[in-house]
Amino acid sequence: MARRALITGITGQDGSYLAEHLLEQGYEVWGLARGQANPRVSRMRKLLADVHVVRGDLLDQGSLISAVERVQPDEVYNLGAISFVPMSWEQAELTAEVTGMGVLRMLEAIRVCSGVSRSSGSAGSSGQIRFYQASSSEMFGQVSETPQTESTAFHPRSPYGVAKAYGHFLTQNYRESYGMFAVSGILFNHESPRRGAEFVTRKVTLGVARIKLGLTAQLRLGNLEARRDWGFAGDYVKAMHLMLQAGSPEDYVIGTGRMKSVRELVEAAFTAAGLDWERHVVTDRALHRPAEVDLLCADPKKARAQLGWEPRVSFDELVAMMVESDLRLLTDGGDPDQDSSWP
Ligand code: NAP
Ligand code: F7E
């Protein structure tokens, strides 16, 4: 019988790549989708026709228990979150509820449905469901060392980073308290043509495409000096799957080990389209964050050694892929707000 996976955040960037990867591996894939008439769900159904949909919300404990009961998954990937860092200051409480408490609700759903009692901590007859939590390099925040490893201290700089740290420690706690196969992937920034238009890589590549096609002349950005370790989402979802196939439940840092500034990202994207960025980019203090994460750079040695995982797509290839995709999208008359995640 096919192994069964349940993915929260199925309508997001990573949910789509992970679903494709698991379908290729022969899994029966279920996506948890929220809302009564969520347009991203119908778009996902059209493009990932083989994914089964189960309704549920990370804010609603009962809905998660029902979803786990119905799907009877072998593996659960918790990718659902408020994931845009600036929004986490605007809606800090909602971020705590979805990105932080949502992890507790999902773990509880798995614990209850697996028959693991609080007192004995042992798995019941329904077997062990393996759980993946989407942790984030934002937990490192104001970094204490570079590059960052699995043992680097956390100093989150946003309500998002704080909520992720809660989810991370809770996953570790359920592993220790109940013997659950529960792991966290500490993923550094990963991008793709399906990235939301609010994140800086996609904002830049869409801006480049609009300028190239004469639709606008200017791109307004915040802090150009921030540095990130950017990789390709399609590579990173493979690491999520590998973590759940490992012999023992452990956490892993996933990134490329190379850092670029937003300025270098901008230069690469404009150059890929034959444009001079300095003629088009303006900076705006209003787009700076209350507290910035100045730099992030992964040390992915453990994942390479224990999982055999390596990123395949380089920074330059990633930027070129995204610029090309956005030029095609706009040339074909696509609406980035509607279609951008699904070229
Ligand atoms: P994304 O594109 O923003 O997707 C977020 C997903 O969360 C969407 O499918 C959204 O569904 C869902 N969601 C939001 N609120 C929900 C709720 N109340 N209940 C259930 N689902 C809800 O994020 P991504 O880039 O794919 O990232 C996937 C995960 O990895 C996230 O947890 C993110 O925080 C984490 N992460 C991302 C990166 C990165 O660089 N991409 C790095 C480290 C960690 P709707 O369509 O219903 O809104
Ligand atoms: O910002 C700077 C901004 O919003 C990157 C999420 O997936 O990765 C992501 O979080 C950098 C920051 O991603 C603009 O100040 C400059 O320093 O693309 P971003 P993020 O905040 O790093 C982590 C790992 C996650 O877990 C998150 O879910 O770019 N920046 N100018 C800008 N950023 C944006 N968005 N827009 C600008 O105009």
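Points worth noting:
- None of Leu64, Leu18 is under 22 Å from Ala233 (Cα atoms) and open to solvent by less than 30 Å² (accessible area, probe 1.4 Å) except Leu18.
- Residue-level analysis places Gly247 among those that are at pLDDT 95 or above and surrounded by fewer than 19 Cβ atoms within 10 Å (Cβ to Cβ).
- Any chance Glu191 is acidic (Asp, Glu) and over 17 Å from the mean Cα position of the chain (by Cα): no
- Filtered residues of region 185-198 (kept if within 21 Å of Ala165 (Cα to Cα) and either touching a His at 6+ places or on another chain (Cβ under 7 Å) or open to solvent by 20 Å² or more (accessible area, probe 1.4 Å) (or both)): Asn189, His190
- For first residues located in region 220-240 and under 15 Å from Ala298 (Cα atoms) and hydroxyl-bearing (Ser, Thr, Tyr), partners that are assigned to a strand (DSSP E or B) and within 14 Å of ligand 1 (Cβ to nearest atom) and lie 6+ apart or on another chain with Cβ distances below 7 Å form the pairs Tyr236/Leu187; Tyr236/His190; Tyr236/Ile254.
- Condition check for Arg111: surrounded by fewer than 18 Cβ atoms within 10 Å (Cβ to Cβ), farther than 30 Å from Glu191 by Cα and more than 16 Å from ligand 2 (Cβ to nearest atom): no
- Residues that are within 13 Å of ligand 2 (Cβ to nearest atom), buried (at least 18 other Cβ atoms within 10 Å of the Cβ) and farther than 19 Å from Pro249 by Cα within region 67-99 comprise Gly80, Ala81, Ile82, Ser83, Val85, Ser88, Thr95, Val98, Thr99, listed in sequence order.
The values are calculated or read from the model by the stated rules, or taken from the named source; none is laboratory data. All of these numbers come straight from a predicted model, not from anything done at the bench. Neighbour counts are summed over all protein chains in view; Cβ atoms, including those assigned to glycine, are modelled from backbone coordinates with ideal geometry. The accessibility values were calculated without ligands, DNA or RNA, using every heavy atom of the protein model including side chains. Shrake-Rupley method; radii C 1.70, N 1.55, O 1.52, S 1.80 Å.
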